[in-house]
């Protein structure tokens, strides 16, 4: 369900300031989907510029936020102003896009982890082979008591130690994983995904909730390096990708740990919930107090009206 505060959001990119560094945002603007505002009467998004320091900053000085802004929150990048009438549509599509790419992010994280493990094993093998070769050369020097000469092959050419090419050390890019739509290279976190590019695709169909029509996304992923260069000039099967197309930032999924929380964290969580319940009870008590005062005032007015009616009826009885 779309939050009410996104329906009343007033966003003007040119008059927006970064909530981290405080500077005016003149280029692309990042706004958060996860931060919730306390007062629903008005809404002010958590906005960030594209500086890495600002994107990774934890925002704690906003009193209107229910919780601080965290670096791992879901961010949308907008290069053009987001009007009030289209902000709700942008929010809906961004949430759907985050849900859609979750599976891709999990696969990319698993493939990257596997590649790193294989690279570490290859480096360990190289180190072992190098140490063994050095030891053999030292022993040869001690036996011959002369300077070693390079080993020659056919034709007197000096032989070199055979090394394994980097391309053969690990597996290549998985063909089932998405690649950057511009450079066609493999994706590494963080990368970006367009929420508006749609067209013919081999990917599973996605049902959009705004028009209930069945369509397939064109899966336009953009690596962080290509996105830093600006909007890529790409022709998609549905049309051309433009700066009016907003992007979402895809991060590596957090590793879930099944271990129970420490006692201190559990107590802190329980205390926070109790404080929230106490605050709600205080508000309810205040409302009950106002209602009690209103009832007393109403009873007093009813009593006054009854007395006036009695006085008005007394002369008629006397007559």
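The values are calculated or read from the model by the stated rules, or taken from the named source; none is laboratory data. All values reported here derive from a predicted model rather than from experimental measurement. Positions of Cβ are generated from backbone atoms using ideal geometry, with glycine treated the same way; all protein chains shown enter the neighbour counts.
Can we say residue 204 is outside any helix (DSSP H, G or I), under 19 Å from residue 104 (Cα atoms) and at pLDDT below 90?
Yes: the conditions hold for residue 204.
Within the range 57-67, identify whether any single residue is free of Cβ contacts under 8 Å to residues at least 24 places away in the same chain and within 25 Å of residue 254 (Cα to Cα), and answer yes or no.
Within the range 57-67 (the criterion being free of Cβ contacts under 8 Å to residues at least 24 places away in the same chain and within 25 Å of residue 254 (Cα to Cα)), the answer is yes, since at least one residue qualifies.
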